[in-house]
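As structure tokens, the structure follows; a few thoughts come after it.
What follows is calculated from the coordinates using simple rules that are stated; it is not laboratory data. Everything numeric in this text was worked out from a predicted model, so none of it was measured. Glycine gets a Cβ as well: all are built from the backbone with ideal geometry, and neighbour counts include every protein chain shown.
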Amino acid sequence: MRRAWVVFALTLLPTLVVAAEARSGAKTRRAAPSGQNKPSTGGPDVFGGYSYTHAGEANLNGWQVSATIPFRGGVRWEADLSGHYGSFAGANLGQLTFLAGARYVLSRSRLSPFGHVLLGGARRTASVPGTSLNSSDTDWGGALGGGVDARIDRRWAVRAQADLLMLHGLGQWDTDPRLSLGAVYRFGR
């Protein structure tokens, strides 16, 4: 099931990127005065990197990928997928989060801080090796957070990000911090 979500997200990504590039290219052409061909300042971007979360009492390590496309001004639409894995008290744990929402980028200089609000959910699994004890559930919720992109060149940046995952399952709310560090590739810049 986990692989199906990853494959689904990765198959959608090129379509979203092409659509966003076409949209931002059309805006750039309309906005440029005649005789000038200014580059786009806000095309789509893709992030990938290492991620850590503290789920309950367990420390889970994994990965995170996300993509954004411009909407208006500093607002961008965002899709986020992450997977975290580890063990606690003899059980193997896994958590796959799938979130979408809006991001607001505060500037477009060398350092670009941002904040975002995401909604979606998480698929959590637990199994005890050598036994038939397995459990899984899907919890709904969201994430609040932000981070900063440090531009390396025209297309590449390094991102540091911190989020608070808020998931609702079994009648209660669970809040877990999530920290991520990785690389950003920007299209259409």
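Data for the structure
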{"item": "Amide H contacts under 5 Å for G42, placed H, 5+ residues apart", "result": "none"}
{"item": "Two-site FRET efficiency, R154 against D174, from Cβ-Cβ distance with R₀ of 41 Å, rounded to 0.05", "result": "0.50"}
{"item": "Cα shape, region 33-132, gyration tensor, a/c 1.5 rule", "result": "prolate"}
{"item": "Gain in span if fully extended, S109 to S87, counting 0.36 nm per residue against the direct Cα distance", "result": "3.8 nm"}
{"item": "Estimated Rh, region 134-189: Kirkwood, alpha-carbon pairs, angstrom", "result": "13.5 Å"}
{"item": "Whole-Hz couplings from phi, Karplus 6.51/-1.76/1.60, listed for region 169-175; x for Gly and Pro", "result": "x, 6, x, 9, 9, 10, 10"}
{"item": "Selection from T125, V105, G141 lying farthest towards where the dipole of region 83-150 points positive, charges on Cβ", "result": "V105"}
{"item": "Within-10-Å neighbourhood charge of A67 [Cβ basis; K, R +1; D, E -1]", "result": "-2"}
{"item": "Amide H within-cut-off set for L165, under 5 Å, with H built and near neighbours excluded", "result": "D176, R178"}
{"item": "Linear extension gain, L164 paired with L133, 0.36 nm per residue minus alpha-carbon span", "result": "8.2 nm"}
